[in-house]
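A.B. asks: I'd like to ask some things about the structure below.
The values are calculated or read from the model by the stated rules, or taken from the named source; none is laboratory data. Values in this document were obtained by computation on a predicted structure and should not be read as measured data. With ideal geometry, Cβ positions are generated from the backbone for all residues, glycine too; neighbour counts draw on all protein chains shown. We work out accessible area using only protein heavy atoms, side chains counted, and drop any ligands, DNA or RNA first. Shrake-Rupley method; radii C 1.70, N 1.55, O 1.52, S 1.80 Å.
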Amino acid sequence: MTPLDDLFSTDESRAESQLEKVMTLNPAEISDFPNHPFKVKQDEAMTEMVDSVKQYGVLVPALVRPKADGGYEMVAGHRRKFAATLAELPEIPCIVRDLTDDKATIIMVDSNLQRETILPSEKAFAYKMKLDAMKRQVGRPSKENSVPVGQNFDGKTSRELLAAKLPDSNTQIQRYVRLTELIPSILQMVDDGKIAFRPAVELSYLSSKQQEALYSTMECEDCTTSLAQAIKMKEFSKDGKLTEEVILSIMQEEKPNQKEQFKMSKERISKYFAPGTPAQKIEDTIIKALELYRKRQRDREAER
């Protein structure tokens, strides 16, 4: 039966009621997207955004979707919401749109990939989330197409379709997704630039236990892995022979471009420095102390 309201409304009014409209919502009513891969930092750029929001408000509406249990879920606009919260704005403009989980995921990833600076971990989890959503939308392949689930895209894989719209190639996207297999501590080293991208990809094939052992070794030896070392550990792991002793042996190997170095255990000098002191600062302090000692020795020689 036709609803009573529809009997007394025109086609134009019914069409207008279905159009998306910008609403003002309290940021507290909007929850973050589940497992949002992009970090919202309170850095210098955020400080500038907060100042702008205080002066002009949020100019570009965020995109949200209604939640079944009430309230809304952010799809695109996490940084705007955070800035508005810091600026203590009671409301922000939002476009409310009904979206499936997969469609919301794709829009969330696409909107954030436009950022100028993206961390390797952010891109890794974003690519994985979008690829999984694309695969779920397509479903299982036909009998004529024996490729794995989610790859029946008119003869193309989901990665190939994604790569067609991005600067990263199909292979590069696959490498980024591999980073999601890294333990958090090693992935953080990748984000910090302490481990290069390619070695990190090779390390992702190690088990979590092996990665933990490697991280402990890098901490104790104050070193990071090269591509050659990462590949070697991957091969040992594949053969089931990558033990803590093997990891230490590989990490102690001299790299081709590495000059002979003097090493001293942290235990011998730890009492002279505060916990957490960067290795570079420790080295600089020791050099300055040696230079001062040498100067005093020269002064004594001159006085004789």
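A.B. asks: Between Y56 and I118, what length in nm is gained on full extension when 0.36 nm per residue of separation is reduced by their alpha carbon distance?
C.D. replies: Full-extension gain reported as 19.7 nm.
A.B. asks: So, one more: Which entries in the list K123/K281; K67/K103; K209/K232; K21/K165 go over 20 Å, if you measure between the two C-alpha atoms of each?
C.D. replies: From the list (K123/K281; K67/K103; K209/K232; K21/K165), the Cα-Cα distance tops 20 Å for K123/K281; K21/K165.
A.B. asks: About its Cα centre, what dipole magnitude does segment 155-213 give when the only charges are +1 on Lys and Arg Cβ and -1 on Asp and Glu Cβ, stated in debye to the nearest 20?
C.D. replies: 200
A.B. asks: Once the piece of chain linking S270 and T85 is laid out straight, how much longer is it, given 0.36 nm per residue of separation minus the C-alpha distance between them? It would help to have the intermediate numbers written out before the result.
C.D. replies: Values: separation 185, 0.36 × 185 = 66.60 nm, distance 4.26 nm.
Gain in length upon complete extension: 62.3 nm.
A.B. asks: Keeping the other protein chains in place, figure out the carbon and sulfur percent of the accessible area of segment 70-116, with a 1.4 Å probe.
C.D. replies: The C+S portion of the solvent-accessible surface of segment 70-116 is 47 percent.
A.B. asks: Can I ask one more? Could you pull out every residue, at least 5 positions away or on a different chain, whose amide H is within less than 5 Å of the one on L25? Hs are placed 1.01 Å off N in the peptide plane, and Pro or chain starts have none.
C.D. replies: Those qualifying (amide H under 5 Å, at least 5 residues apart or on another chain) are I92, C94.
A.B. asks: In addition: Can you order the peptides 231-240, 282-291, 175-184 by their average number of other Cβ atoms within 10 Å per residue, highest first?
C.D. replies: 175-184, 231-240, 282-291
A.B. asks: Explain nothing, just compute: Karplus ³J(HN,Hα) = 6.51 cos²θ - 1.76 cosθ + 1.60, θ = phi - 60°, for every residue of segment 216-221 in order, whole Hz, x for Gly and Pro.
C.D. replies: 4, 5, 5, 5, 5, 8
A.B. asks: Just subtract the alpha-carbon distance of L166 and L248 from 0.36 nm times their residue separation and send over the number in nm, one decimal.
C.D. replies: 25.6 nm
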